[in-house]
1. Please work out the C-alpha center-to-center distance from segment 1-23 to segment 48-65 and express it in whole Å.
2. If I fit a long axis through the Cα atoms of helix 63-77 and take the longest principal axis of the Cα atoms of the chain, what angle between them do I get, 0 to 90°, rounded to 10?
3. Heavy-atom accessible area per residue, segment 4-81, 1.4 Å probe: how many Å²?
4. Amide H neighbours of Lys9 under 5 Å, at least 5 residues apart or on other chains, H built in the peptide plane: list them.
5. Amide H neighbours of Phe26 under 5 Å, at least 5 residues apart or on other chains, H built in the peptide plane: list them.
6. If you roll a 1.4 angstrom probe over the protein chains with everything in place, what fraction of the accessible area of the chain belongs to carbon and sulfur, to the nearest %?
7. Could you calculate, for segment 26-81, the ratio of the Cα radius of gyration to the Kirkwood radius, expressed as Rg to Rh?
8. Determine the sum of side-chain charges near Glu39: Lys and Arg each +1, Asp and Glu each -1, restricted to other residues whose C-beta is under 14 angstrom from that of Glu39.
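The values are calculated or read from the model by the stated rules, or taken from the named source; none is laboratory data. Just so we're clear, the structure is a prediction, and the values are computed from it rather than from any experiment. Methodologically, a virtual Cβ is constructed for each residue, glycine included, from the backbone with ideal geometry; neighbour enumeration extends over all protein chains shown. With ligands, DNA and RNA removed, areas are computed over all heavy atoms of the protein, side chains included. Shrake-Rupley method; radii C 1.70, N 1.55, O 1.52, S 1.80 Å.
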Amino acid sequence: LWNKITDKKCTSCGKKIWGEFSTLYFDHLLPKKKYPEFEFEEKNIYFCCGTCHEKKENGFPTPSHKAAIDKAKELLTEKEE
């Protein structure tokens with residue numbers, strides 16, 4: 001996914017992401033522990049800066065991050081029903 005992203009900006013806040021690849025920049029919208037079947041699903045991955053990733057992990061996602069979580073839940077979990 002890293003190589004697919006040409007404009008390396010946080011999807012959540014728009015901040016430019018500099019440097020090398022890091023897993024920190026890829027958030028699993030639906031947590032791997034609860035939804036292991038979606039760990040490698042591209043629709044479950046959200047490109048974001050470390051600050052926005054940390055906010056989400058601490059239970060305070062930005063509005064756009066929260067919207068992405070809701071969309072992933074709708075798209076991915078409806079397949080299971």
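1. 14
2. That helix lies at roughly 40 degrees to the long axis.
3. On the way: 5330 Å² over 78 residues.
Averaged over the residues of segment 4-81, the accessible area is 68 Å².
4. Those qualifying (amide H under 5 Å, at least 5 residues apart or on another chain) are Ile17.
5. Result for Phe26 returns Cys48.
6. Here it works out to 54 percent.
7. With Rg and the Kirkwood Rh in hand, the quotient comes to 0.95.
8. Spelling it out: positives minus negatives among the neighbours equals 0.
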